[in-house]
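Since the structure comes first, as structure tokens, the remarks are kept for the end.
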Amino acid sequence: MSSQPNSYTDSNSHYAGGTMPQPDGLRREAQQQEAHQGTGPAADGQHHPGEDPARQSLLNVRTEVGKAVVGQDPTVTGMLIALLCGGHILLEGVPGVAKTLLVRALSTALSLDTKRVQFTPDLMPGDVTGSLVYDSHTSEFTFREGPVFTNIMLADEINRTPPKTQASLLEAMEERQVSVDGVSRPLPSPFIVAATQNPVEYEGTYPLPEAQLDRFLLKLTMPLPGRAEEIEVIRRHADGFDPRNLSAAGVRPVAGAVELSNAQAAVAQVAVAPEILSYIVDVVRATRSAPSFHLGVSPRGATALLNTSKAWAWLSGRSFVTPDDVKALSLPCLRHRVGLRPEAQMDGIQVDDVLGSILASVPVPR
């Protein structure tokens, strides 16, 4: 930890990496990001001496995804963090904000296999995991793999299917395997579930069970675009953009499984001071005593916050975690792991508001 600054709030807390946005809209001003020089990848997207090739290749993924999706850089960054941590991601937004297109563009830029499942009320568990099929030629049952056997499984509108089918993903998400007829079959590596869902107040949706929500590393919300961004979306379509043809849009592979594996190894080496570990625990424990919550964050959530903070620090060009890294990831990492009390809901209190109050009240290490 000799390279760590004496104060966590010095200039090193200004995130490196050109215009790299913070996850889930927790952005710093561009002037702050550009003021920090020499520790991160170049803003022009080009490789320069001394840069980490694995980091640069992952940052280039944002440029490729931007050719198909407008104005969702924070969400793309959050998805990269999930891949670096080997965790699953939940995307929430109203229909039509490019949730599915974003996942498809990301998998194309990373040269990863992806399969899409449209979750519907009549979807069965075997439709996801696979099932035994009788072969009349051999008079034997053979296993037919389901769409879960892929690198990025796009579970589209996951909260439109009943809990029984949602629960069929639990083993795959936690153990990276599928058990059918007493035989466990490993899933490919890397493997993550990128699930999209409509807000729970929408008609025909089922709230995900707490056990499954807790297994999602991050929950990212995708808001409606701003006016300028929406004009750009319409302009692209007026110019002939086809969301079903990403190659025509110019999206190309810029990284792959090798770069991702190297990046994961580098993230594992990011240093975390004891004070930061204590800070993470204090934030998590504060959610368990918050008057507005009937359900606080579990120890799994604390581990998730630690791992995502390390990934964000590495993407930002640092080899150590700062309190700002923890703050940047707290909302997307914790918002789906807590439960509001009914009286708080009736008062119009939002989960993110309570988490923001907790972050403001927990002492920050110096």
Qualifying residues in segment 167-184 (those that are of a type outside the set (Asp, Glu) and within 19 Å of the chain's Cα centre (by Cα)) - the one farthest from ALA195 (Cα to Cα): ARG176
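Would you please name the residue that is modelled with the lowest pLDDT, looking only at residues in segment 205-240 that are open to solvent by less than 40 Å² (accessible area, probe 1.4 Å), in contact with a helix residue (DSSP H, G or I) (Cβ under 9 Å, 6 or more places away or on another chain) and in a loop (DSSP other than H, G, I, E, B)?
THR205
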Just checking, how many residues over segment 336-366 are open to solvent by 20 Å² or more (accessible area, probe 1.4 Å), touching a Lys or Arg at 6+ places or on another chain (Cβ under 7 Å) and not β-branched (Val, Ile, Thr)? 2
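To keep it simple, each residue is scored yes or no on (1) among the small types (Gly, Ala, Ser); (2) open to solvent by 10 Å² or more (accessible area, probe 1.4 Å); (3) modelled with pLDDT under 95.
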position: ASN262; (1), (2), (3): no, yes, yes
position: ALA271; (1), (2), (3): yes, yes, no
position: PRO274; (1), (2), (3): no, yes, no
position: TYR279; (1), (2), (3): no, no, no
position: ASP282; (1), (2), (3): no, yes, no
position: ARG285; (1), (2), (3): no, yes, no
position: PRO291; (1), (2), (3): no, yes, yes
position: SER298; (1), (2), (3): yes, yes, yes
Log entry, pairs with first residue in segment 255-268 being β-branched (Val, Ile, Thr), second being buried (at least 20 other Cβ atoms within 10 Å of the Cβ), beta carbons closer than 6 Å, six or more apart or on different chains, reads VAL267/LEU84; VAL267/LYS310; VAL267/ALA311; VAL267/TRP314
Please count how many residues of segment 316-328 are in a helix (DSSP H, G or I) and surrounded by 24 or more Cβ atoms within 10 Å (Cβ to Cβ). 3
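Per-residue answers, yes or no, for (1) open to solvent by 50 Å² or more (accessible area, probe 1.4 Å); (2) assigned to a strand (DSSP E or B); (3) modelled with pLDDT under 85:
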{"residue": "VAL128", "(1), (2), (3)": "no, no, no"}
{"residue": "THR138", "(1), (2), (3)": "yes, no, yes"}
{"residue": "THR142", "(1), (2), (3)": "yes, yes, no"}
{"residue": "PRO147", "(1), (2), (3)": "no, no, no"}
{"residue": "THR150", "(1), (2), (3)": "no, no, no"}
{"residue": "LEU154", "(1), (2), (3)": "no, yes, no"}
{"residue": "ALA172", "(1), (2), (3)": "no, no, no"}
{"residue": "SER184", "(1), (2), (3)": "yes, yes, no"}
Go through (1) out of contact with any helix residue (DSSP H, G or I) (no Cβ under 9 Å at 6 or more places or on another chain); (2) open to solvent by 70 Å² or more (accessible area, probe 1.4 Å); (3) of a type outside the set (S, T, N, Q) for MET124 and report which single condition fails. (1)
For segment 191-204, state whether one or more residues are open to solvent by 30 Å² or more (accessible area, probe 1.4 Å), closer than 20 Å to LEU306 by Cα and charged (D, E, K, R). no
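Per-residue answers, yes or no, for (1) crowded, with 23+ Cβ neighbours inside 10 Å; (2) under 20 Å from the mean Cα position of the chain (by Cα); (3) closer than 27 Å to TRP314 by Cα; (4) not hydrophobic (A, V, I, L, M, F, W, C):
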| position | (1), (2), (3), (4) |
| --- | --- |
| VAL61 | yes, yes, yes, no |
| MET79 | yes, yes, yes, no |
| VAL97 | no, yes, no, no |
| VAL103 | yes, yes, yes, no |
| LEU110 | yes, yes, yes, no |
| ARG116 | no, yes, no, yes |
| THR120 | no, no, no, yes |
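In segment 256-270, which residues are in a loop (DSSP other than H, G, I, E, B) and within 17 Å of PRO188 (Cβ to Cβ)?
GLY256 - this is the single residue of segment 256-270 that is in a loop (DSSP other than H, G, I, E, B) and within 17 Å of PRO188 (Cβ to Cβ).
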Just one listed residue, out of PRO274, PRO223, is under 18 Å from the mean Cα position of the chain (by Cα) and over 23 Å from GLY86 (Cα atoms), and it is PRO223
Hey, does segment 293-315 have a residue that's touching a residue at least 60 places away in the same chain (Cβ under 8 Å) and in a loop (DSSP other than H, G, I, E, B)? yes
Pairs needed: first member in segment 88-111, over 18 Å from GLY71 (Cα atoms) and at pLDDT 85 or above; second member anywhere, assigned to a helix (DSSP H, G or I) and of a type in the set (A, V, I, L, M, F, W, C); C-beta distance under 6 Å; at least 6 residues apart or different chains. HIS88/MET173; ILE89/MET79; ILE89/ALA82
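The values are calculated or read from the model by the stated rules, or taken from the named source; none is laboratory data. Remember, it's a predicted structure, so these values are computed and weren't measured experimentally. Every residue, glycine among them, receives a Cβ derived from its backbone with ideal geometry; neighbour counts consider all protein chains shown. Surface areas here come from the heavy atoms of the whole protein model, side chains and all, with no ligands, DNA or RNA. Shrake-Rupley method; radii C 1.70, N 1.55, O 1.52, S 1.80 Å.
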